[in-house]
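Trainee: Take a look at the following structure, please.
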Amino acid sequence: MTTVHNLGFPRIGAKRELKFALESYWKGESSRDALKGLGAELRKRHWDNQAGLDLVPVGDFAFYDQVLDMSFTLGNLPERVSGFQGDQLDNYFRVARGRSAQSAAEHRSCCGGVAAGEMTKWFDTNYHYIVPEFTAATEFKLDASRLLEQLAEARKQGVKAKPVIVGPVTYLALGKAKDDSNKLALLPALLVAYAQLLNALAAQGVEWVQVDEPILVTELHADWQHAFNLAYHELKACPVKLLVATYFGQLQENLYLAANLPVAGLHIDAINGDDDIRPVLNLLSGHKVLSLGVINGRNIWKTDLTAVLEWLEPLAERLGDKLWIAPSCSLLHVPVDLDSEQKLDAEITSWLAYAVQKLDELQVLAQALRAGRDSVKEALAANQAALAARRSSPRVNNPAVQQAIAEIDAGLGARKSSYPTRAAEQAALLKLPAYPTTTIGSFPQTAEIRHARSQFKAGTLNEADYKAAMQAEIARSVHEQEALGLDVLVHGEAERNDMVEYFGEQLDGYAFSQFGWVQSYGSRCVKPPILFGDISRPRAMTVEWISYAQSLTSKPMKGMLTGPVTILNWSFVRDDQPRSVSCKQLALAIRAEVLDLEKAGVSVIQIDEAALREGLPLRKAQWKKYLDWAVESFRITANGVDDRTQIHTHMCYSEFNDIIASIADMDADVITIETSRSDMELLDAFDNFNYPNQIGPGVYDIHSPNIPTQEHIEQLMKKAAERIPASRLWVNPDCGLKTRQWAEVLPALTNMVAAAKALRQAA
Ligand code: GLN
Ligand code: ZN
């Protein structure tokens with residue numbers, strides 16, 4: 001009989017209870033015991049949610065991050081916190097968040113405070129983990145208490161527990177050698193700790209342990225492939241059964257390796273890695289369990305259960321009780337419970353499944369495999385009906401949009417003339433000085449702005465008054481910019497809650513949930529908008545605001561838009577058409593906005609692509625395909641304008657080495673990027689490529705309250721000018737200023753403008 005299990009459950013709580021408890025504890029408003037109590041309550045509730053499963057994950061709960069939990073379990077704490085005398089949980093938060101005696105940023109990594117562990121994206125998800133730190137001297141010392149306590153807790157509740165841990169090779173691969181030593185040299189010592197951990201679990205009568213090794217779906221150097229063999233040959237002596245879990249993609253060339261590890265079972269992602277299933281079947285020896293991730297753990301759509309059964313039934317026949325089924329990956333990446341949604345449109349709700357509903361789907365599949373489809377006839381029929389309704393809904397299908405997509409041709413993404421011609425025309429029109437100054441778009445989102453918006457949403461402020469309040473904010477930021485002497489102004493984005501949601505709310509084809517929260521890191525959650533249908537723009541979205549801002553000044557006012565790739569990458573996307581098609585639909589909608597802005601006399605238009613890089617596939621071999629459609633989408637959006645209209649784009653990072661050709665292909669007249677912390681060295685990618693257009697390398701680190709000095713900005717710009725001809729350089733901050741205070745922004749920009757003036761004089 002097929003075993004049904006889960007790889008992990010979201011820990012944040014259906015109403016983000018964990019977030020609020022953490023933040024109140026950090027502020028000193030509630031006790032540690034209250035926080036720990038809430039953790040226990042959430043675990044209990046979530047195990048109840050999973051009660052019908054044959055095996056339930058234990059140890060997937062974390063107060064901040066499961067990788068950081070693993071570091072504590074292995075006793076691998078950064079040196080700087082190892083002598084801490086206080087409570088273990090507080091020390092854990094010290095690594096997670098840093099702690100400084102004085103203001104956090106003034107003492108980033110020195111005196112009094114403790115620098116936070118570095119945080120980075122968990123594979124291709126929007127979850128961020130705390131990077132384990134290693135040196136040649138790293139020693140491990142097992143502390144199994146957290147896992148054993150949770151195991152005892154689960155058992156007391158009658159849960160059929162399967163402890164979950166991050167596997168040794170993935171743990172090592174994701175960490176960072178602070179001294180550039182060879183991390184693999186630590187493997188033998190690491191395995192001693194892992195063996196102790198597995199033995200401790202076995203001593204508690206644990207039968208199965210899930211060992212997550214998602215690094216197996218990435219391109220692995222031969223040394224790391226070898227590490228897998230070493231590790232699992234070492235651990236096979238432990239008296240527990242290991243289920244090695246892989247997810248997020250295909251094993252491909254690592255498939256033989258994964259299938260032949262001396263373990264009791266292998267989990268593969270049957271959504272993103274379905275090409276692996278046939279070969280795995282042939283390679284896996286008969287005594288091993290094959291766990292298939294048949295429900296998508298990365299999206300919020302109902303599964304086509306009948307379609308899954310079509311291919312799954314013959315496998316179940318063949319594998320018998322060696323077949324397990326599960327979601328493709330931990331459900332950490334989806335919201336908790338659709339039943340929480342009160343306001344979401346009923347039709348759209350009927351197409352969705354959050355974590356709890358996904359586990360229900362899994363039960364239906366299991367039941368069908370065990371007792372035949374007839375035993376779940378009604379559930380399958382309801383599922384079919386919901387999917388059929390979605391497929392044929394006029395809200396999903398818009399023939400005009402589909403036709404526009406079919407008619408896209410290469411001309412749509414091409415500017416009329418090449419960059420030098422455009423640059424000359426733009427220079428004549430805009431008459432900007434050398435080293436022109438600008439900002440990235442947003443000005444501080446003050447308490448008053450947020451207050452007005454929440455009143456407007458609650459219905460206590462009417463539309464006219466809300467609009468007047470936002471216009472007053474826009475006027476304020478325009479006046480401040482004029483007083484500062486900036487060259488190209490922005491309206492400040494007061495009216496925008498979020499750079500994606502703002503556009504999603506105005507586009508047809510988007511829905512917004514109330515409780516569709518997903519953990520991004522620690523207590524931070526995001527609520528991605530739901531892209532469910534063909535995208536169209538019923539009316540102009542930004543023209544009125546920008547025109548108002550332009551009316552207040554004779555300086556050029558930048559139109560400010562979010563690009564299609566970023567909107568796509570920060571949304572829950574459709575599973576019924578390729579991402580590339582959704583992206584092009586977004587591109588056509590934003591293109592219409594670009595053209596409307598141009599028609600309204602806006603001569604500089606910025607299209608932000610903050611999330612272009614993070615959409616890169618896990619495997620380099622797939623990068624080109626992604627970059628091709630991403631760049632084409634940007635070009636469709638931007639390049640319909642006249643030569644005289646200056647297109648800017650902005651990206652909040654500076655690692656361009658491996659994608660510089662695609663960036664150049666976007667052909668924006670100006671790109672602004674984040675460089676202030678890299679001391680301009682990251683401009684080398686542009687220099688080496690002979691990047692032909694204009695660049696604004698960030699000179700003000702907006703993540704910090706520090707005020708950059710004029711001298712520092714001049715120094716940075718001089719370094720930039722060693723790499724990029726000064727005639728093609730702009731002077732601007734790293735990113736938008738919405739998280740800063742006016743009291744910080746004004747002196748910082750004063751220094752920035754002064755630096756630009758000094759550079760002009762020296763030139
Ligand atoms: N225009 C946006 C802003 O200034 C850009 C934000 C971003 O790149 N993340 O806020
Ligand atoms: Zn940015």
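Trainee: Here is a check on your reading of the model: is Ala511 away from ligand 1 (no atom under 16 Å from the Cβ), under 24 Å from Ser350 (Cα atoms) and buried (at least 17 other Cβ atoms within 10 Å of the Cβ)? Break it down stepwise before answering.
Mentor: On the way: away from ligand 1 (no atom under 16 Å from the Cβ): yes; under 24 Å from Ser350 (Cα atoms): yes; buried (at least 17 other Cβ atoms within 10 Å of the Cβ): yes.
So Ala511 fits the description; yes.
Trainee: Say we look at region 176-190 and pick out the residues that are open to solvent by 30 Å² or more (accessible area, probe 1.4 Å) and among the aliphatic types (A, V, I, L, M); which of these is nearest to Lys121 (Cα to Cα)?
Mentor: Initial filter on region 176-190 (open to solvent by 30 Å² or more (accessible area, probe 1.4 Å)): 176, 178-185, 188-189.
Next, from what is left, pick out any that are among the aliphatic types (A, V, I, L, M): 184-185, 189.
Working: Leu184: 22, Ala185: 25, Ala189: 26 Å.
Here the residue is Leu184.
Trainee: Can I ask one more? Answer yes if at least one residue in region 683-694 is within 15 Å of ligand 1 (Cβ to nearest atom), open to solvent by 10 Å² or more (accessible area, probe 1.4 Å) and either in a loop (DSSP other than H, G, I, E, B) or at pLDDT 95 or above (or both), and no otherwise.
Mentor: So in region 683-694, the residues within 15 Å of ligand 1 (Cβ to nearest atom) come out as none.
There is no residue in region 683-694 that is within 15 Å of ligand 1 (Cβ to nearest atom), open to solvent by 10 Å² or more (accessible area, probe 1.4 Å) and either in a loop (DSSP other than H, G, I, E, B) or at pLDDT 95 or above (or both).
Trainee: Looking at Glu593, is it surrounded by 17 or more Cβ atoms within 10 Å (Cβ to Cβ), within 21 Å of Ile546 (Cα to Cα), within 16 Å of ligand 2 (Cβ to nearest atom) and modelled with pLDDT of 95 or more? Full working, then the answer.
Mentor: Working: surrounded by 17 or more Cβ atoms within 10 Å (Cβ to Cβ): yes; within 21 Å of Ile546 (Cα to Cα): yes; within 16 Å of ligand 2 (Cβ to nearest atom): no; modelled with pLDDT of 95 or more: yes.
No: the conditions fail for Glu593.
Trainee: Kindly indicate which of Gly411, Gly459 is more than 16 Å from ligand 2 (Cβ to nearest atom), over 30 Å from the mean Cα position of the chain (by Cα) and not assigned by the TED database to the domain that holds Arg644. Can you show your working first?
Mentor: Working: Gly459 fails: not assigned by the TED database to the domain that holds Arg644.
When all the criteria are applied, what remains is Gly411.
Residue-by-condition table, conditions (1) in contact (Cβ under 8 Å) with a residue 24 or more places away in the chain; (2) within 15 Å of ligand 1 (Cβ to nearest atom); (3) surrounded by fewer than 13 Cβ atoms within 10 Å (Cβ to Cβ); (4) within 28 Å of the chain's Cα centre (by Cα):
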| site | (1), (2), (3), (4) |
| --- | --- |
| Ile405 | yes, no, no, yes |
| Pro444 | yes, yes, no, yes |
| Ala447 | no, no, yes, yes |
| His451 | no, no, yes, yes |
| Ala464 | no, no, yes, no |
| Gln471 | yes, no, no, no |
| Ile474 | yes, yes, no, no |
| Ala483 | no, no, yes, no |
| Leu486 | yes, yes, no, no |
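Trainee: Condition test on Val699, is it in contact with an Asp or Glu (Cβ under 9 Å, 6 or more places away or on another chain), surrounded by 16 or more Cβ atoms within 10 Å (Cβ to Cβ), β-branched (Val, Ile, Thr) and in contact (Cβ under 8 Å) with a residue 60 or more places away in the chain? So that I can check it myself, show each step before the final result.
Mentor: On the way: in contact with an Asp or Glu (Cβ under 9 Å, 6 or more places away or on another chain): yes; surrounded by 16 or more Cβ atoms within 10 Å (Cβ to Cβ): yes; β-branched (Val, Ile, Thr): yes; in contact (Cβ under 8 Å) with a residue 60 or more places away in the chain: no.
Criteria not met by Val699.
Trainee: Restrict the check to region 707-730 and report whether at least one residue is within 16 Å of ligand 1 (Cβ to nearest atom) and either open to solvent by less than 10 Å² (accessible area, probe 1.4 Å) or within 19 Å of Gly492 (Cα to Cα) (or both).
Mentor: Residues of region 707-730 that are within 16 Å of ligand 1 (Cβ to nearest atom), as a first pass: 730.
Subset that is either open to solvent by less than 10 Å² (accessible area, probe 1.4 Å) or within 19 Å of Gly492 (Cα to Cα) (or both): 730.
Yes; the residues of region 707-730 include at least one that is within 16 Å of ligand 1 (Cβ to nearest atom) and either open to solvent by less than 10 Å² (accessible area, probe 1.4 Å) or within 19 Å of Gly492 (Cα to Cα) (or both).
Trainee: Could I ask something else about it? Scan Ala173, Ala136 and give me the residue that is part of a loop (DSSP other than H, G, I, E, B), open to solvent by 20 Å² or more (accessible area, probe 1.4 Å) and farther than 28 Å from Leu53 by Cα. It would help to see each step written out before you state the result.
Mentor: Values: Ala173 fails: part of a loop (DSSP other than H, G, I, E, B).
After applying the criteria, what remains is Ala136.
Trainee: Sticking with this one: Go through region 665-682 and give me each residue that's in contact with a helix residue (DSSP H, G or I) (Cβ under 8 Å, 6 or more places away or on another chain), within 24 Å of Glu632 (Cα to Cα) and open to solvent by 20 Å² or more (accessible area, probe 1.4 Å).
Mentor: Asp665, Asp667
Trainee: Oh, and also: When you scan region 519-541, do you find a residue that is within 16 Å of ligand 2 (Cβ to nearest atom), open to solvent by less than 10 Å² (accessible area, probe 1.4 Å), closer than 23 Å to Asn126 by Cα and not in a strand (DSSP E or B), even just one?
Mentor: Scanning region 519-541, I find no residue that is within 16 Å of ligand 2 (Cβ to nearest atom), open to solvent by less than 10 Å² (accessible area, probe 1.4 Å), closer than 23 Å to Asn126 by Cα and not in a strand (DSSP E or B), so the answer is no.
Trainee: Additional query: Please find, among Val401, Val396, Val478, the residue that is in a helix (DSSP H, G or I), in contact with a strand residue (DSSP E or B) (Cβ under 7 Å, 6 or more places away or on another chain), over 22 Å from Gly698 (Cα atoms) and modelled with pLDDT of 95 or more. Before you say what the answer is, go through the steps one by one.
Mentor: Numbers: Val396 fails: in a helix (DSSP H, G or I); Val478 fails: over 22 Å from Gly698 (Cα atoms).
Going through Val401, Val396, Val478 in turn, just one is in a helix (DSSP H, G or I), in contact with a strand residue (DSSP E or B) (Cβ under 7 Å, 6 or more places away or on another chain), over 22 Å from Gly698 (Cα atoms) and modelled with pLDDT of 95 or more: Val401.
Trainee: Here's another thing I want to ask about it. Mind counting the residues in region 646-658 that are more than 16 Å from ligand 2 (Cβ to nearest atom) and open to solvent by less than 20 Å² (accessible area, probe 1.4 Å)?
Mentor: Number of matching residues: 2.
Trainee: Something else: Of everything in region 648-659, what is within 11 Å of Leu627 (Cβ to Cβ) and without any contact (Cβ under 8 Å) to a residue 40 or more places away in the chain? Give them in sequence order. Show your work before the answer.
Mentor: At the first step, the residues of region 648-659 found to be within 11 Å of Leu627 (Cβ to Cβ) are 658-659.
If the condition is that a residue be within 11 Å of Leu627 (Cβ to Cβ) and without any contact (Cβ under 8 Å) to a residue 40 or more places away in the chain, then Asp658 is the only one that fits.
Trainee: Could we say that Val753 is closer than 16 Å to Thr439 by Cβ, surrounded by 22 or more Cβ atoms within 10 Å (Cβ to Cβ) and more than 15 Å from ligand 1 (Cβ to nearest atom) here? Write out each step before concluding.
Mentor: Numbers: closer than 16 Å to Thr439 by Cβ: yes; surrounded by 22 or more Cβ atoms within 10 Å (Cβ to Cβ): no; more than 15 Å from ligand 1 (Cβ to nearest atom): yes.
In short, no.
Trainee: Turning to a different aspect of this structure: Looking at region 595-604, is at least one residue over 27 Å from Ile271 (Cβ atoms), in contact with a His (Cβ under 9 Å, 6 or more places away or on another chain) and within 16 Å of ligand 1 (Cβ to nearest atom)?
Mentor: Restricting attention to region 595-604, the residues satisfying the condition of being over 27 Å from Ile271 (Cβ atoms) are 595-604.
With in contact with a His (Cβ under 9 Å, 6 or more places away or on another chain) added as a condition, the list becomes 604.
Still in the running and within 16 Å of ligand 1 (Cβ to nearest atom): 604.
Checked region 595-604: at least one residue is over 27 Å from Ile271 (Cβ atoms), in contact with a His (Cβ under 9 Å, 6 or more places away or on another chain) and within 16 Å of ligand 1 (Cβ to nearest atom).
Trainee: Answer yes or no: is there a residue in region 707-716 that is assigned to a strand (DSSP E or B) and either closer than 22 Å to Ala483 by Cβ or touching a residue at least 24 places away in the same chain (Cβ under 8 Å) (or both).
Mentor: Pass one, region 707-716, residues assigned to a strand (DSSP E or B): none.
Checking region 707-716: not a single residue is assigned to a strand (DSSP E or B) and either closer than 22 Å to Ala483 by Cβ or touching a residue at least 24 places away in the same chain (Cβ under 8 Å) (or both).
Trainee: Could you please tell me which pairs satisfy a Cβ distance under 9 Å, a separation of 6+ or placement on different chains, a first residue in region 385-403 that is closer than 11 Å to Gly509 by Cα, and a second residue that is open to solvent by less than 50 Å² (accessible area, probe 1.4 Å) and assigned to a loop (DSSP other than H, G, I, E, B)?
Mentor: Hits for this filter: Val396/Trp351; Val396/Arg574.
The values are calculated or read from the model by the stated rules, or taken from the named source; none is laboratory data. Treat the numbers as computed from the prediction; the structure is a model and nothing was measured. Here the Cβ is made from the backbone with ideal geometry for all residues, glycine too, and neighbour counts use every protein chain on show. We work out accessible area using only protein heavy atoms, side chains counted, and drop any ligands, DNA or RNA first. Shrake-Rupley method; radii C 1.70, N 1.55, O 1.52, S 1.80 Å.
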